[in-house]
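Shown next, in structure tokens, is the structure this report addresses.
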Amino acid sequence: MTLPAIPEPHALAVLALVVLALFLFSREKIAIETSSLFILVLLTCGFVFFPYVTPQGEHLDAVDFFSGFGHEALIAVCALMIAGNGLVRTGALEPLGRNLARLWKLSPALSMLLTLLIGAFLSAFVNNVPIVVLLLPLLISVSLRTGASSSGMLMPMGFATLVGGMSTSIGTSTNLLVVSVAADMGLRKIQMFDFFIPAAIVACIAIVYLWLIAPLLLPARQAALADNSPRIFAAQLAIPEGSSAIDKTLAELIDKTGSMMEVAHVLRGSGTFIQPLPDVLIRSGDRLLVNDTPDNLKEFESALGATLYAGDTAVDEDNPLSDEGQQIAEIIVVQGSPLQGMTLRQLNFTDRYQLLVLAINRAGSTLETLREKIDQIRLRTGDILLVQGHEDKIAEIKRAGDLLVLDATADLPHTDKASTALLIMAGIIIVAALGLAPIAVSAVCGVFLMLLTGCLSWRHASMALSTQVILIVVASLALGSALLKTGGAEYLAQVFVSVSSGASPAVILSGLMLLMAILTNIVSNNAAAVIGTPIAISIAHQLQVNPEPFVIAVLFGANMSYATPMAYKTNLLVMNAGGYTFMDFVRVGVPLTIIVWLGLSFLLPSIYMLS
């Protein structure tokens, strides 16, 4: 084995930057948006201060690395995210969910298979996030009604949408990026269904595995918040004559409770409400309005020498605290949610939604409760809020469709715009599939029609956009371009071919796909795909074979986000909703990766006649 000569300094610097980017993208504590912008700044500044001229005499302008913001693939990705959000907002998929729920009563096994097939089919044309958002409450509702564990349903459903998403060029943002980058490099424009047959064959095998075997590999799990429902009660602490709290400031009383008591208002006299400022002096007859758990309220009563009231009735054994009309529900943070990237304090959550947040659960983290300043936690996709509020408020929030509520009723929003949104989405797909217009054009036109017909408001359209997706796509496109123009991609291809010297093109293709599959479970799938595409084309040129199957191998490999929960955003959604552990994903996802990889390693060389 003879390794190629070391490339020139600019190529080495870009390769080092790629390694740094992959490292940063895998760091959970660093926001992907921050990492992406940092890489983009380093790359552009590097070429400003150290100009580069290609062997052909072309000066590489650093400003060109910003072209990703206007790239056709990014425009298509953003437009499809907004259009998919229109389907969710209007409840266009609600009839499907309702009919699936009915079928579960007749045959759970057949219903599970049908749910997997429908999830996979829809994800071939619509981003899988809204599909998972549709099916999550449905499956949780089924598990609550039947007493069956939801853990055998949610992960297989999530993986089915990932498997289905890799079958068309618009199924995922990863597919769009690979197809567009390959076209930018001079390859034939890969059409929507060009790789549908191998993907569909492997998807059928994968769905059988997810239907029959995966549930057996998953132990019964309970969502992390299911056993932690600390009801909050609105109560009053009345300050009687002789209480030690009289003539003390509110701050002093809060100190006496170990800083645990939070006073909403001070009621004085017949109806005067006083703002709970720290220096307010407490008088005999005052009532402190407090929301907390029964145990904490009793502690406050004892510490202040107060009397606990619920309304006008003193709380005792004969008259316990009442929570009539109150409900506990779980709200999951999904992409496009107004909660994403915000803190509860910034949102003014309690006043805005009339709900109290009792606890927050985050995948791989310990439970955060209301005693741990949860209003300062920045929310991420996959976080679950345990909330309490009046049943009417929870029902109202579910109807509005802004937040995804997980509970037994699983009401889905439905509006008179649902059929319009469905027709517009169908038009986007049909126009692109028939080649009448590029997907970027048809998707943008579709978004315009959704706004024009009232299926979406501008507020909801902007909420559907993800800063994380935009920045990582732009940074990845910039890195891919730099790799290509400095010769870094060609060098990596030469190394890959040298390491696998003597192997057939079919084996090298399989190895490249496996490398992408491993990479996509560690870092962003979009980054793996965009960086891998120029390398794949360079490998094909080294081997003097058709580069198209190698590009498709990168596409398929970057879609195999099954083995870790952080590999894809929908994995995080189902992880928290189903109470899964990291090892549950390894237990089910690794065999699925092997099945898909082996199937495609056989099919792609056969279809493209590689030996």
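Since every read-out is calculated from the coordinates, none of them should be taken as a lab result. Predicted model, so just to flag it, every value in this text is computed and none were measured. Because the Cβ atoms are built from the backbone with ideal geometry, glycine has one as well, and the counts that use them run over all protein chains shown.
Taking a straight line from the alpha carbon of K398, these lysines sit under 23 Å away, with near neighbours fewer than eight places off in the same chain left out: K417, K569.
Extension gain, L114 to S259: 0.36 nm times the residue separation minus the Cα-Cα distance gives 46.9 nm.
Per-residue extension of 0.36 nm, minus the Cα-Cα distance of R378 and H390, leaves a gain of 1.8 nm for this segment. Distance from the C-alpha centroid of region 424-438 to that of region 513-555: 27 Å, rounded to the whole angstrom. Against the chain, whose longest principal axis comes from its Cα atoms, helix 439-452 is set at around 30 degrees.
What lysines does K248 reach when the alpha-carbon gap must be under 21 Å and sequence neighbours fewer than 8 apart in one chain are set aside? Cross-link targets: K256, K298. Length gained on full extension, V590 to S67: 184.6 nm, using 0.36 nm per residue less the C-alpha separation. Please give the FRET efficiency for R188 paired with S501, using the beta carbon to beta carbon distance and R0 = 22 Å, rounded to the nearest 0.05. For R188 and S501, the calculated efficiency is 0.15. Using just its DSSP H runs of length 4 or more, each adding -39500 (n - 2.57), the chain gives a mean residue ellipticity at 222 nm of -17500 deg cm²/dmol after division by all residues. Net charge in the neighbourhood of I39 (other residues with Cβ under 13 Å of its Cβ; Lys, Arg +1, Asp, Glu -1) is 0. Each Lys and Arg adds +1 at its Cβ and each Asp and Glu adds -1 at its Cβ; summed about the Cα centre, the chain shows a dipole of about 1500 debye. Close amide-amide hydrogen proximity is noted between T293 and F233, each under 5 Å apart and 5 or more residues distant or on a separate chain (H modeled in the peptide plane; Pro and chain starts excluded).
Taking every alpha-carbon pair under 8 Å whose residues sit at least 6 apart, the chain reaches a relative contact order of 21 percent.
Derived scalar couplings between HN and Hα for region 455-468 equal 5, 9, 9, 4, 4, 5, 5, 5, 5, 6, 6, 10, 4, 4 Hz in order, rounded to whole Hz, by the Karplus curve 6.51 cos²θ - 1.76 cosθ + 1.60 (θ = phi - 60°), x for Gly and Pro. To the nearest ten degrees, helix 151-165 and the longest principal axis of the Cα atoms of the chain are 40 degrees apart. The protection proxy used here, the mean number of other Cβ atoms lying within 10 Å of each residue, ranks peptides 377-388, 269-280 as follows, highest first: 377-388, 269-280. Axis of helix 173-184 versus longest Cα principal axis of the chain: the two differ by about 30°, to the nearest ten degrees. Using Cα centres only, tell me the gap between region 61-123 and region 587-611 in whole Å. The distance from the Cα centre of region 61-123 to that of region 587-611 comes to 25 Å.
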